[in-house]
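Note sheet for the following structure.
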Amino acid sequence: MESLYILVPLSVVLVFVIGAIFWWSLRSGQYDDMEGPAYRMLMDDRDLPEGPKPEQSEDTPSQIRKP
């Protein structure tokens with residue numbers, strides 16, 4: 001029975017500490033966008049890196065010369 005005199009106030013203090021930490025995380029923007037970083041990580045490879053381009057021959061139809 002004597003342990004309840006310590007455990008009940010300790011649990012109340014612990015609830016307030018956890019609530020304060022959760023409130024701080026909400027106010028600092030920790031939960032603003034949960035899915036955006038995951039999609040950005042997957043879509044990061046769509047841009048090709050800059051590098052030397054393969055040379056095309058004169059007969060390539062993709063080269064259209066304009067006068």
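Data overview
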| read-out | value |
| --- | --- |
| Conditions (1) in a loop (DSSP other than H, G, I, E, B); (2) surrounded by 10 or more Cβ atoms within 10 Å (Cβ to Cβ); (3) not β-branched (V, I, T); number of the one not met by G29 | (2) |
| Checklist (1) modelled with pLDDT under 80; (2) loosely packed, with under 10 Cβ neighbours inside 10 Å applied to Y39, failing item | (2) |
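The values are calculated or read from the model by the stated rules, or taken from the named source; none is laboratory data. This is a predicted model, so every value here is computed, not measured. Positions of Cβ are generated from backbone atoms using ideal geometry, with glycine treated the same way; all protein chains shown enter the neighbour counts.
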